[in-house]
Amino acid sequence: MNIKNIVLTGASRGIGESIAIKLAENGFNVFGFARNSDRLNSLVKKGQGRIFAYQVDVTKPDQIRKAYEEIETNHGPIDVLINNAGIYQGIEFYKQDINRISNIIDTNLKGALFCTRLILPYMIERKKGRIINISSVSGTRGIPLEVAYGASKHGMIGMADALAQEVKPYGVLITTICPGAVDTPLWQGDSPYHGDINEVTKPEEIAECVFYLLNQSDRTIFKRIILFPRNEWH
C-alpha cells in the first residue's frame with residue numbers, strides 16, 4: 001500500500017504525540033486531531049512541516065466530517081486512520097461519577113466508531129485503506145479499577161473484529177494494538193498501577209509498532225497485537 005496521508009486522533013500528547021513525530025520523521029503527512037489547540041500547535045513545530053493540526057473533538061461527528069473533507073480536498077486521499085484518542089480513570093466502579101463513565105465511553109469507544117464510520121466511504125470507494133485502533137490489554141481481560149475504561153476498550157476490539165470482516169472485500173485492513181502499561185500523561189495522578197513505573201512501555205515503542213505495521217504488505221492481515229512490559233502478564 002502506498003501510504004502518504006494519515007489521520008491520528010489524540011495526537012497532542014502521550015502515545016499520539018510519539019506516533020505523530022515518528023511518522024512525520026519518516027516522510028508521512030500526519031493530520032493530528034485533538035481538542036487542545038496549544039498542545040497541537042506545539043506538536044506541529046516538531047513535525048518538520050509534515051504534521052498538521054486539526055482541533056477536533058472525536059465525540060462530535062460534524063467536526064470529524066468537516067476535517068476529513070478539508071484534508072481530502074487540500075491534501076489528497078486519507079490512506080490511514082489511527083484511532084488513539086482516549087481518556088482514563090482508575091477507580092472502584094461504585095465510586096465513579098456517572099458523567100465520567102459517559103465521557104470515557106463517548107471518547108474511547110464512540111469516538112473511534114464515529115471516526116471510523118465517517119472515513120469508510122472514502123476507503124471503500126478507493127478499495128484500499130488501513131485503520132489502526134489503539135486499544136488496551138484492558139480490552140482483552142477484566143482488570144480491577146478499570147470497569148468503564150475496560151468496557152470502552154473491549155468495545156473497540158469488538159468493533160474492529162466485526163468490521164474487519166465487512167471491509168476485507170474492499171481492501172481495507174484493520175489492526176488493533178493492545179498495550180499494557182505505557183508511560184503517558186493519561187495516568188498521571190490517576191493510576192492504579194502497582195508495578196515499577198520505570199519498567200512500563202514507552203510511548204515511542206508503540207510508535208515503532210505503528211510504523212512497523214505501515215511498512216507491511218497489504219497481503220497480510222495483522223488482526224491484533226498485544227504487548228506489555230515484562231513485569232506484567234496478560
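Summary of computed values
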{"read-out": "Test: residue in region 2-12 that is charged (D, E, K, R), under 19 Å from N133 (Cα atoms), in contact (Cβ under 8 Å) with a residue 40 or more places away in the chain and not in a loop (DSSP other than H, G, I, E, B)", "value": "no"}
{"read-out": "Leading residue by the ranking (nearest to F228 (Cα to Cα)) among those in region 80-137 that are charged (D, E, K, R) and in a loop (DSSP other than H, G, I, E, B)", "value": "E92"}
{"read-out": "Residues of region 60-86 satisfying the condition of being buried (at least 17 other Cβ atoms within 10 Å of the Cβ) and in contact with a Gly (Cβ under 9 Å, 6 or more places away or on another chain)", "value": "I64, I78, D79, V80, L81, I82, N83, N84, A85, G86"}
{"read-out": "Residue among N74, N99, N103, N29 that is at pLDDT 95 or above, touching a His at 6+ places or on another chain (Cβ under 7 Å) and over 23 Å from A164 (Cβ atoms)", "value": "N29"}
{"read-out": "Contacts under 8 angstrom Cβ, first residue in region 80-91 being within 15 Å of M159 (Cβ to Cβ), partner assigned to a loop (DSSP other than H, G, I, E, B) and at pLDDT 95 or above, 6 or more apart", "value": "N84/G10; N84/A11; A85/G10; A85/V58; G86/G10"}
{"read-out": "Some residue of region 89-96 being of a type in the set (A, V, I, L, M) and in contact with a strand residue (DSSP E or B) (Cβ under 8 Å, 6 or more places away or on another chain)", "value": "no"}
{"read-out": "Conditions (1) hydrophobic (A, V, I, L, M, F, W, C); (2) within 20 Å of V58 (Cβ to Cβ); (3) crowded, with 22+ Cβ neighbours inside 10 Å; number of the one not met by L113", "value": "(3)"}
{"read-out": "Any hit, region 193-216, residues being touching a His at 6+ places or on another chain (Cβ under 7 Å) and either modelled with pLDDT under 95 or not charged (D, E, K, R) (or both)", "value": "no"}
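The values are calculated or read from the model by the stated rules, or taken from the named source; none is laboratory data. Just so it is clear, the model here is predicted, and its values are computed rather than measured. With ideal geometry, Cβ positions are generated from the backbone for all residues, glycine too; neighbour counts draw on all protein chains shown.
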